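Below: one structure, written as structure tokens.
The values are calculated or read from the model by the stated rules, or taken from the named source; none is laboratory data. Bear in mind that the values here come from a model prediction, so they are computed numbers and not experimental data. With ideal geometry, Cβ positions are generated from the backbone for all residues, glycine too; neighbour counts draw on all protein chains shown. Just the protein is used for accessible areas: all its heavy atoms, side chains included, with ligands, DNA and RNA removed. Shrake-Rupley method; radii C 1.70, N 1.55, O 1.52, S 1.80 Å.
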Protein chains: 2
Amino acid sequence: MERQPFASAANVSERLAQPPALAISTVIFALRPSAASGRPTLWLPLVRRIREPFRGMWALPGGPLTQADSLLDAAARNLRDTTGLAPSYLEQLYAFGGLHRSPSQRVVSIVYWAMVQPTEAEMAQESENVKWFRADGLETLAFDHNHIVDYALWRLRNKMAYGSIAYHLLGEKFTLAQVREVYEAVLDRTVDPANFRRQLKQTPHIEATEEYLQGGKHRPPRLYRYTGTMAEDSPVP
Amino acid sequence: MERQPFASAANVSERLAQPPALAISTVIFALRPSAASGRPTLWLPLVRRIREPFRGMWALPGGPLTQADSLLDAAARNLRDTTGLAPSYLEQLYAFGGLHRSPSQRVVSIVYWAMVQPTEAEMAQESENVKWFRADGLETLAFDHNHIVDYALWRLRNKMAYGSIAYHLLGEKFTLAQVREVYEAVLDRTVDPANFRRQLKQTPHIEATEEYLQGGKHRPPRLYRYTGTMAEDSPVP
DNA sequence: CCGAGTTAAAGTCAATTTGACTACAACTAA
DNA sequence: TTAGTTGTAGTCAAATTGACTTTAACTCGG
């Protein structure tokens, strides 16, 4: 991503001549049970920087735009290389291009965001340099990445209301209570179970299966399936 | 923007080494009375390309990202330089980065969109190389710019429902009927005047003035003012 | 095997919002 | 002065929403 270890006079004059560096980064959201309450909460994987600037700090996974890939492909490829993830939902979030996002060199980052299902999330093995964090109350990250995560959270809360994002955080089959828990986790408020059920039953792309989730402590809930696609909300690009 | 007049063997090998070119373009919407019905409809200014590729064809105003400007500043500056416009509403739309958007060189375009008020729109003088077009039924444009305009229209229709965009297409003071006409133009359907009025009266940032629009043919309507800001919908960036 | 406890799922009902429509007000044009 | 047109307020039934109750289906502890 950002290569120059420090700024020099040469760098500064070059800055006017050479085009800005183009980076692709991704904010990845997944649901994990909170350590405290056990309820699902939003988490995201971060990678530790192994170079200057911000060496040793945590940052969004990303890298330079590979020439042979479209923006989406570049995001997907980088995600696989750095975290091992292959998310079922991956969409462009925003292009950040402030002048001082990175010391020394001007960097324009095209940021994607992803939702991964619990089974997918397990693919992102934690290691010395890859770790999952709770999305709220994040420590200070490299570059302007706190800012980017905050923006992603704001968009997530907005899109939740009328979008299909929730289903991409769940597995293939899910109970209505699980969907409700996603809403509660993201919107950070309780939702009436009965009314929520009534709403979902008249939205498209939610299909009841004949299966029930067994092994719970009480009456087994029916399992549902989401039959929509990722492109349900954003069409052309 | 795209400089190479034609592709060469040297170009192709260089493509892998040098970063993609970064361009900023803008889709500008304004309201103008339709020639046929007289009702307001969506128009946008386009500029004629004076270089290859696509020389002579119409395209969105844009240019390379200037090094000293943020993305927003670069969009605003370019808009002023090419069309003379200084829109009151200017926001990032999407980053387009397909591999073959431009012949010869890879170009990533960060596209902004703007809404200009009627008085502002007059600043964009038509000339040999700058002309206003109706947003729907556009002729074939340079690059993938038809695709970009279609996407902008889709976003506009979506955002209209719960956003503040309509007011940025109108002047400082406006009648409720004018707001309704904007909705009708963008959503392409009729809206009940009485019900629309009831809705608007309980939305924030719409303030009644003590003035009335005189000179009409019938009962003069009250003028209103929008007191919100551009950042009402999109917060952080 | 029974009853308490818990969650799923369906149903009730009043309050609010929406869509279609009516009525009246305020102006222009003839 | 009157007919025509648009602005504005109000009415009413239908649809939607939020708070709540009821019944069903299961587990677990005795």
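Of all the residues in region B:119-147, those that are in a helix (DSSP H, G or I) and open to solvent by less than 60 Å² (accessible area, probe 1.4 Å) number 4. Regarding B:Leu153, is this residue within 14 Å of another protein chain (Cβ to nearest Cβ) and under 27 Å from B:Pro40 (Cα atoms)? Yes, satisfied.
Yes or no, residue by residue, for (1) closer than 28 Å to B:Ala114 by Cβ; (2) in contact with an Asp or Glu (Cβ under 7 Å, 6 or more places away or on another chain):
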{"position": "B:Asp188", "(1), (2)": "yes, no"}
{"position": "B:Lys217", "(1), (2)": "no, no"}
{"position": "B:Arg225", "(1), (2)": "yes, yes"}
{"position": "B:Glu232", "(1), (2)": "yes, no"}
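Among the residues of region A:169-194, those that are among the charged types (D, E, K, R) and either at pLDDT below 95 or within 23 Å of the chain's Cα centre (by Cα) (or both) comprise A:Glu172, A:Lys173, A:Arg180, A:Glu181, A:Glu184, A:Asp188, A:Arg189. Selection of region B:73-113 for residues being aromatic (Phe, Trp, Tyr) and either modelled with pLDDT of 95 or more or outside any strand (DSSP E or B) (or both) yields B:Tyr94, B:Phe96, B:Tyr112, B:Trp113. Scanning region B:219-237 for residues that are in contact with a Ser or Thr (Cβ under 8 Å, 6 or more places away or on another chain), at pLDDT below 90 and open to solvent by less than 50 Å² (accessible area, probe 1.4 Å) yields B:Gly228, B:Asp233. Contact map, region A:185-197: first residue more than 21 Å from A:Leu223 (Cβ to Cβ), second residue acidic (Asp, Glu) and within 13 Å of DNA strand C (Cβ to nearest atom), Cβ cut-off under 8 Å, separation 6 or more or different chains; pairs are A:Thr190/A:Glu184. In this structure, A:Ala185 does not qualify as within 14 Å of chain B (Cβ to nearest Cβ) and within 16 Å of DNA strand C (Cβ to nearest atom).
When region A:192-225 is filtered for residues that are hydrophobic (A, V, I, L, M, F, W, C) and under 17 Å from A:Ile165 (Cα atoms), the ones remaining, listed by number, are A:Phe196, A:Leu200, A:Ile206.
The criterion of being modelled with pLDDT of 95 or more, over 25 Å from the mean Cα position of the chain (by Cα) and near DNA strand C (Cβ under 8 Å from one of its atoms) holds for A:Arg197. Scanning region A:52-67 for residues being among the hydrophobic types (A, V, I, L, M, F, W, C), without any contact (Cβ under 8 Å) to a residue 60 or more places away in the chain and away from every other protein chain (no Cβ under 14 Å) gives a total of 0. When region B:58-89 is filtered for residues that are open to solvent by 20 Å² or more (accessible area, probe 1.4 Å) and out of contact with any strand residue (DSSP E or B) (no Cβ under 7 Å at 6 or more places or on another chain), the ones remaining, listed by number, are B:Thr66, B:Gln67, B:Ala68, B:Ser70, B:Asp73, B:Arg77, B:Arg80, B:Asp81, B:Gly84, B:Ala86, B:Ser88. Among the residues of region A:148-161, just one is touching a residue at least 40 places away in the same chain (Cβ under 8 Å) and open to solvent by 40 Å² or more (accessible area, probe 1.4 Å), namely A:Arg155.
Inspect region B:163-178 for any residue being part of a loop (DSSP other than H, G, I, E, B), away from DNA strand D (no atom under 16 Å from the Cβ) and either among the basic types (Lys, Arg) or over 30 Å from A:Gly163 (Cα atoms) (or both) and give the result as yes or no. Yes, there is a match, as at least one residue in region B:163-178 is part of a loop (DSSP other than H, G, I, E, B), away from DNA strand D (no atom under 16 Å from the Cβ) and either among the basic types (Lys, Arg) or over 30 Å from A:Gly163 (Cα atoms) (or both). Residues in region A:85-112 that are away from chain B (no Cβ under 13 Å) and either closer than 18 Å to B:Ala21 by Cα or under 14 Å from the mean Cα position of the chain (by Cα) (or both): A:Leu85, A:Ala86, A:Pro87, A:Ser88, A:Tyr89, A:Leu90. Hey, any hits in region A:195-218 for a residue that's open to solvent by 20 Å² or more (accessible area, probe 1.4 Å), aromatic (Phe, Trp, Tyr), more than 13 Å from DNA strand D (Cβ to nearest atom) and more than 14 Å from chain B (Cβ to nearest Cβ)? Looking through region A:195-218, none of the residues is open to solvent by 20 Å² or more (accessible area, probe 1.4 Å), aromatic (Phe, Trp, Tyr), more than 13 Å from DNA strand D (Cβ to nearest atom) and more than 14 Å from chain B (Cβ to nearest Cβ).
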